[in-house]
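Below is one structure, written out as C-alpha cells; comments come after it.
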Amino acid sequence: VKEQGKNNFQFYTPDMNEAVTKKMKLEIGLRKGLERREFKVHYQPQMDVGTGKITGVEALLRWHHPELGNVSPAEFIPLAEETGLIIPIGEWVLYEACRQAKSWQDEGLPPMRVAVNISSRQFQQSNLLEAVSRVLHDTGLEPQYLELELTESIIQDSKYAIGTMQKLKEMGTSLSIDDFGTGYSSLSYLKLFPIDTLKIDQSFTRNILADAKDAALVQTIINMAHNLELKVIAEGVETQEQLHFLTQRHCNEAQGYYFSRPIAPEDLSAILRGRLTA
Ligand code: C2E
Ligand code: CA
Ligand code: CA
Ligand code: CA
C-alpha cells in the first residue's frame, strides 16, 4: 500500500502548493476511508426548549486519516461532493445512523429522531429514494424517526427536488432545511415544498445578544416558521443567555455546545441511560 501511495505522488515537486498536495492526499484517503473503517458517526442532541428533553440527535461524520489525523467535515465533505465519493460515504452514514437509532430503541431508551445530512449531489442521485427505503428496511428503523437535513441549494440545483421530497414524505420520513437563511433563495419554496422543520443557522444564533439585527432575523424566522406551521430549531446554541432568548421567543428546539458537542454513540447512550435512572 505504501508503494502505491508513493507512486501516486510521483509528480510531486517541492514547490507544489501545499494545499494542493493535501487535497490529493485527502482525495486518495477518501477513496480508501470506507473500507479501512476510518469513518465514525458522532451524535449531537437536539433539545425541546420547553421540556428540556432530548427529541433527536444529528448524525455528524468524523474521519480519522492515518497520516493527517482528524480531518474536519468542513474540509472533506466538499471534496467528497466534488469527486462523487459523497454517494457511497453518505449512504454509509445513513445506514449507520439508522442502525444506531434502532439499536438505542432496542436497548430500551426512549425513541428519538435521528437527523442525517444529505448533500446536494446525494439528493440528486437517482437512487436516493431506493437507498433510504433499503436502509429503513434493513435496519428496521421506523421512518418517522428519520429526518433528512437538506440545504436550500438542493432546491436551486434540482428541478426534481419537489417530487423527491414528496416521495420521501410518503415514505414517512421528515425533512428539515439546514442552515436556513444562508442560501440566498427565494422564500416561495417554503409554501411549495413539503418541509417540516427550519434549522436557524448558527451564524444568526451566535450574535443574537450582541447584534440587534441578528436578533430581529431570528425572531422573524421563528414567527414565520410558526405561521407556516413549521417547527423551528436553532443551531449553535452555546450559552444560557442564547437559550433564554430562544425560549422566550418560542423557538421549539435548540442544539449546540451549551447542551453537548457531537459525541460518540457509546458516550451518548451512557448519558441517555443516566437520564432514565436520574
Ligand atoms: P452542519 O450540518 O451545519 O452541522 C453543524 C456543525 O456545527 C457541526 O460541525 C457541529 O459540530 C457544529 N456545531 C454544533 N454545535 C455548535 C456550537 O454550539 N457552536 C459551534 N461553533 N459549532 C457547533 P461539523 O461536525 O464539523 O460539520 C460541519 C459540516 O459538515 C456540517 O454542517 C455539514 O454540512 C457537513 N457534514 C457533517 N457530517 C455530514 C454528513 O454525514 N453528510 C453530509 N452530507 N454533510 C455532513
Ligand atoms: Ca446539519
Ligand atoms: Ca447547519
Ligand atoms: Ca453548515
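With respect to Phe123, determine if the residue is within 16 Å of ligand 4 (Cβ to nearest atom), part of a helix (DSSP H, G or I) and more than 28 Å from Tyr257 (Cα to Cα).
Yes.
I'd like the full set of residues that are open to solvent by less than 40 Å² (accessible area, probe 1.4 Å) and not in a strand (DSSP E or B), limited to the stretch 25-72.
Leu26, Gly29, Leu30, Gly33, Glu38, Val49, Gly52
It is to be established whether one or more residues within the stretch 113-127 are closer than 18 Å to Ala264 by Cα and open to solvent by 20 Å² or more (accessible area, probe 1.4 Å).
yes
Tally the residues that are over 15 Å from Lys169 (Cβ atoms), within 16 Å of ligand 2 (Cβ to nearest atom) and in contact with a Leu (Cβ under 7 Å, 6 or more places away or on another chain), restricting the search to the stretch 114-134.
Total meeting the criteria: 3.
For the condition within 16 Å of ligand 4 (Cβ to nearest atom) and among the hydrophobic types (A, V, I, L, M, F, W, C), what is the one hit in Ile162, Ile86?
Going through Ile162, Ile86 in turn, the sole match is Ile86.
Which one is modelled with the highest pLDDT, of the residues in the stretch 157-211 that are more than 16 Å from ligand 3 (Cβ to nearest atom), open to solvent by 20 Å² or more (accessible area, probe 1.4 Å) and of a type in the set (Phe, Trp, Tyr)?
Here the residue is Phe193.
Mind listing whichever residues of the stretch 228-238 are touching a Lys or Arg at 6+ places or on another chain (Cβ under 9 Å) and in a loop (DSSP other than H, G, I, E, B)?
Leu228, Glu235, Gly236, Glu238
Of everything in the stretch 187-227, what is outside any helix (DSSP H, G or I) and in contact with a strand residue (DSSP E or B) (Cβ under 6 Å, 6 or more places away or on another chain)? Give them in sequence order.
Matches in the stretch 187-227: Ile195, Asp196, Thr197, Leu198, Lys199, Ile200, Asp201.
Can you work out which of the residues in the stretch 41-70 that are out of contact with any strand residue (DSSP E or B) (no Cβ under 7 Å at 6 or more places or on another chain) and small (Gly, Ala, Ser) is nearest to Ala270 (Cα to Cα)?
Top of the filtered list is Gly52.
Which residue out of Leu246, Leu276, Leu230 is more than 13 Å from ligand 1 (Cβ to nearest atom) and open to solvent by less than 60 Å² (accessible area, probe 1.4 Å)?
Every option except Leu230 fails the conditions.
The values are calculated or read from the model by the stated rules, or taken from the named source; none is laboratory data. Note that the structure is predicted; figures quoted are calculated from it, not measured. Using ideal geometry, Cβ is built from the backbone for each residue, glycine included, and neighbour counts are taken over all protein chains shown. These accessible areas exclude ligands, DNA and RNA; they are computed on the full protein's heavy atoms, side chains included. Shrake-Rupley method; radii C 1.70, N 1.55, O 1.52, S 1.80 Å.
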